[in-house]
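Have a look at the structure below, then the notes.
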Amino acid sequence: MSGKKGMSRYGQEMKEIVVQGYRRGISIRELSRQYGISRYAIQSWCGLRKEVELRHAAPLPKGRPTEKSKTQEQTIKRLQMEN
């Protein structure tokens, strides 16, 4: 089951097929129609969405922040203000 209602999960094989089609010159719109996958998903798989690149570069921390991380954040903010 995927994380959100209405979202589908696609296997790595399907993603590779779609990305290869894009690299061969098939438009994102045509790929979307052919495979029934959203254009947003195809753009993400092909690396055309900046927010996806940023998410992979610096993933968000999971879970509740601990007291230690709160203290670290406060220290970082204090040091930034001093500079």
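Please find the FRET efficiency linking residue 27 to residue 49, where r is the Cβ-Cβ separation and R0 is fixed at 22 Å, and quote it to the nearest 0.05.
Numbers: r = 16 Å, r/R0 = 0.74.
Once rounded, the FRET efficiency stands at 0.85.
When peptides 15-27, 37-49, 71-83 are sorted by average Cβ neighbour count within 10 Å, with the highest value leading, the order is 37-49, 15-27, 71-83. Listed by chain and number, the aspartates and glutamates whose alpha-carbon sits under 13 Å from that of residue 50, ignoring those within fewer than 8 places in the same chain, form an empty set.
Got a number for carbon plus sulfur as a percent of segment 10-54's accessible area, 1.4 Å probe? Don't jump to the answer; show the numbers that get you there.
Working: 1500 of 3250 Å².
Using a 1.4 Å probe with all protein chains present, segment 10-54 comes out at 46 percent carbon and sulfur.
The values are calculated or read from the model by the stated rules, or taken from the named source; none is laboratory data. Everything numeric in this text was worked out from a predicted model, so none of it was measured. In this analysis, Cβ positions are derived from the backbone assuming ideal geometry, glycine residues included, and neighbour counts consider all displayed protein chains. Just so you know, the surface numbers come from the protein's heavy atoms only, side chains and all, with ligands and any DNA or RNA stripped out. Shrake-Rupley method; radii C 1.70, N 1.55, O 1.52, S 1.80 Å.
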